[in-house]
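K.L.:
Below are the structure tokens for one structure; questions will follow.
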Amino acid sequence: MEHMRIAELSRTTGVPVPTIKYYLREGLLPAGERTSPNQARYGEDHERRLRLVRAMVEVGGLPIAVVREVLAALDDPEKSLHKSLGTIEAAIGPAEPSTDDEVAVRQAEEFIARQGWDHKPQAPGFQALVSVLATARQIGHPGFVELLDDYARVGRTLAEMDLAYVLGMPSRDEVLEGVVVGSFLGDAAVAAIRRLARRDLSARRSAEVDSGSGADDAAPEPRPEC
């Protein structure tokens with residue numbers, strides 16, 4: 001394995017040396033191999049971990065305490081892959097306000113039951129869904145719940161794609177790291193593609209409406225004089 005000094009690690013990853021030293025002090029990056037009292041060497045594991053930390057901090061905007069929690073899940077050999085994935089999803093997901101909206105809770109439970117999915121009432125994803133449904137009702141859109149089954153079909157396809165991507169990676173660490181990075185980039189990509197598709201579809205339908213209106217509203221051609 002190739003070793004590098006901290007300056008080279010900085011050039012390779014694009015992370016400034018002072019930031020690398022900060023991550024080392026905070027325990028987010030393992031110490032390098034000491035070659036002298038003031039020098040250390042770093043390897044590919046450091047490079048990969050540093051890129052992961054950078055993604056969580058700079059792309060995901062996570063606080064250091066949450067990053068430390070995620071890394072602990074990555075490094076815990078006693079945790080099963082499934083439990084590690086759950087810990088990571090809970091840590092990197094946005095905090096959702098709890099709600100006591102009984103109608104929203106019931107709608108979410110009925111939706112989950114229709115899909116045949118396993119869930120826990122305190123799971124972040126379930127709480128997020130309850131919050132969405134409660135908000136929809138509060139702002140006068142109770143019919144929003146009717147979209148959920150269609151969303152589920154798309155969501156399951158996306159989830160299968162996500163897992164196929166990360167489970168094809170060669171090591172457990174890379175699988176878990178892929179979940180972290182993929183959650184940030186995947187969610188952002190889906191949101192961006194959805195906006196692009198919606199804009200294109202809106203433009204096409206508007207053009208169809210305008211075209212139809214133009215034909216109907218056109219003034220009749222004058223009849224020839226006899």
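The values are calculated or read from the model by the stated rules, or taken from the named source; none is laboratory data. None of the values given here were measured: they were computed from a predicted structure. Don't worry about glycine lacking a Cβ; one is built from the backbone with ideal geometry, like all the others, and counts go over all protein chains shown. Only protein heavy atoms, including side chains, enter the accessible area calculation; ligands, DNA and RNA are left aside. Shrake-Rupley method; radii C 1.70, N 1.55, O 1.52, S 1.80 Å.
K.L.:
Going by the structure shown, is Asp187 without any contact (Cβ under 8 Å) to a residue 12 or more places away in the chain, assigned to a helix (DSSP H, G or I) and open to solvent by 80 Å² or more (accessible area, probe 1.4 Å)?
P.N.:
Yes, satisfied.
K.L.:
Here is a follow-up. Among the residues of region 1-37, write down those that are open to solvent by 70 Å² or more (accessible area, probe 1.4 Å), in contact with a strand residue (DSSP E or B) (Cβ under 7 Å, 6 or more places away or on another chain) and assigned to a helix (DSSP H, G or I).
P.N.:
None; the set is empty.
K.L.:
Quick check: is even one residue across region 17-29 out of contact with any Lys or Arg (no Cβ under 7 Å at 6 or more places or on another chain) and either at pLDDT below 90 or among the small types (Gly, Ala, Ser) (or both)?
P.N.:
No: zero hits.
K.L.:
Of the numbered conditions (1) in a helix (DSSP H, G or I); (2) within 27 Å of Leu52 (Cβ to Cβ); (3) open to solvent by 60 Å² or more (accessible area, probe 1.4 Å); (4) not aliphatic (A, V, I, L, M), Arg106 satisfies every one except a single condition; which is it?
P.N.:
The number of the failed condition is (2).
Yes/no matrix, rows are residues, columns are (1) among the basic types (Lys, Arg); (2) open to solvent by 70 Å² or more (accessible area, probe 1.4 Å); (3) in contact (Cβ under 8 Å) with a residue 40 or more places away in the chain:
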{"site": "Ser80", "(1), (2), (3)": "no, no, no"}
{"site": "Lys83", "(1), (2), (3)": "yes, yes, no"}
{"site": "Asp101", "(1), (2), (3)": "no, no, no"}
{"site": "Lys120", "(1), (2), (3)": "yes, yes, no"}
{"site": "Gly125", "(1), (2), (3)": "no, no, no"}
{"site": "Arg153", "(1), (2), (3)": "yes, yes, no"}
{"site": "Glu160", "(1), (2), (3)": "no, yes, no"}
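K.L.:
Okay, moving on. Among what's in region 127-151 and is aliphatic (A, V, I, L, M), over 21 Å from Ala91 (Cα atoms) and in a helix (DSSP H, G or I), pick the residue that is most open to solvent (accessible area, probe 1.4 Å).
P.N.:
Looking only at region 127-151, we keep the residues that are aliphatic (A, V, I, L, M), and these are 128-130, 132-134, 136, 139, 145, 147-148.
Within this subset, residues satisfying the condition of being over 21 Å from Ala91 (Cα atoms) are 133-134, 136, 139, 145, 147-148.
Filter once more, keeping what is in a helix (DSSP H, G or I): 133-134, 136, 145, 147-148.
Details: Leu133: 3, Ala134: 4, Ala136: 10, Val145: 33, Leu147: 74, Leu148: 9 Å².
Top of the filtered list is Leu147.
K.L.:
Quick one: is Leu85 at pLDDT below 85 and part of a loop (DSSP other than H, G, I, E, B)? First the steps, then the outcome.
P.N.:
Working: at pLDDT below 85: yes; part of a loop (DSSP other than H, G, I, E, B): no.
So Leu85 does not fit the description; no.
K.L.:
Kindly establish whether His46 is modelled with pLDDT of 75 or more and either closer than 21 Å to Pro124 by Cα or small (Gly, Ala, Ser) (or both).
P.N.:
Numbers: modelled with pLDDT of 75 or more: yes; either closer than 21 Å to Pro124 by Cα or small (Gly, Ala, Ser) (or both): no.
Criteria not met by His46.
K.L.:
Quick check, is Glu177 open to solvent by 50 Å² or more (accessible area, probe 1.4 Å) and among the acidic types (Asp, Glu)? Give the steps one after another, and end with the answer.
P.N.:
Numbers: open to solvent by 50 Å² or more (accessible area, probe 1.4 Å): no; among the acidic types (Asp, Glu): yes.
Criteria not met by Glu177.
K.L.:
Arg41: of a type outside the set (Ser, Thr, Tyr) and either under 26 Å from Gly125 (Cβ atoms) or not in a helix (DSSP H, G or I) (or both), yes or no? Let's see the steps before the verdict.
P.N.:
Values: of a type outside the set (Ser, Thr, Tyr): yes; either under 26 Å from Gly125 (Cβ atoms) or not in a helix (DSSP H, G or I) (or both): yes.
Yes; evaluated as a whole, the condition is true for this residue.
K.L.:
Ala192 versus (1) modelled with pLDDT of 90 or more; (2) within 28 Å of Glu109 (Cα to Cα); (3) open to solvent by less than 50 Å² (accessible area, probe 1.4 Å): which is the lone unmet condition?
P.N.:
Of (1) modelled with pLDDT of 90 or more; (2) within 28 Å of Glu109 (Cα to Cα); (3) open to solvent by less than 50 Å² (accessible area, probe 1.4 Å), only one is false for Ala192: (2).
K.L.:
With respect to the numbered conditions (1) at pLDDT 85 or above; (2) over 30 Å from Ala55 (Cβ atoms); (3) open to solvent by 50 Å² or more (accessible area, probe 1.4 Å), which one is the sole condition not fulfilled by Ile112?
P.N.:
Going through the list (1) at pLDDT 85 or above; (2) over 30 Å from Ala55 (Cβ atoms); (3) open to solvent by 50 Å² or more (accessible area, probe 1.4 Å), Ile112 breaks only (3).
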